[in-house]
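Undergrad: For reference, the structure I am asking about is given below.
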Amino acid sequence: MMNKYAMSLIPLSLVMVLSMASCKKYEEGPAISLTSRSERVANTWTIDRAIADGNDVTSDYDNYVLTLTAGGSATLVATYTVFGVNFTGETNGTWAFQNDDEELVLDFENDDADGTYQIRRLTEAELWIHKIGDDLELRLK
């Protein structure tokens, strides 16, 4: 049999669980994280999946590596092969959150990879973003 103290904790626990579920910042989660958004976005990312106009274009991004630091620096390295010759391109820039941390803005020196992305999921191991104004979704790991 439960005492009065234990019985009073049940409603409080329910309120806490429901409020945590409603705190989910991004469409695909997570519901709650003890790590700051800046710490979660700071990582070396590779493209796990890329979808453009409903088509899987992951192979177009196989050799892309995006490094984001907690201080706001960004580096994008792309390796590709043309007529049997390997080329590596690298550009440096910055990243920032905008729109109440719901968007990620990438600004690079060469402007080719610049863009604003809606964040769909942000964990320490996954970053899912959708390019605003374009039908491109990138799932990074």
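The values are calculated or read from the model by the stated rules, or taken from the named source; none is laboratory data. Being a predicted model, the structure only gives us computed values, none of them experimental. All Cβ positions, glycine included, derive from the backbone under ideal geometry; neighbour counts span all protein chains shown. Note: accessible area is taken over every heavy atom of the protein model, side chains too, but ligands, DNA and RNA are not part of it. Shrake-Rupley method; radii C 1.70, N 1.55, O 1.52, S 1.80 Å.
Undergrad: What whole-number value in Å² describes the accessible area per residue of region 71-141 for a 1.4 Å probe?
TA: 56 Å²
Undergrad: Here's another thing I want to ask about it. Let me know the whole percent of all Cα-Cα pairs from region 66-112 that are separated by more than 13 Å. Walk me through the intermediate numbers first.
TA: Working: 666 of 1081 pairs.
Looking at region 66-112, the distances longer than 13 Å represent 62 percent of pairs.
Undergrad: P(r) tail for region 96-138, what percent of Cα pairs lie past 18 Å?
TA: Tail of P(r) above 18 Å: 24 percent of Cα pairs.
Undergrad: Using a 7 Å offset from the Cα along the Cα-to-Cβ direction at both Glu124 and Ser73, what is the distance between the two label points in nm, to one decimal?
TA: About 2.3 nm separates the two model spin labels.
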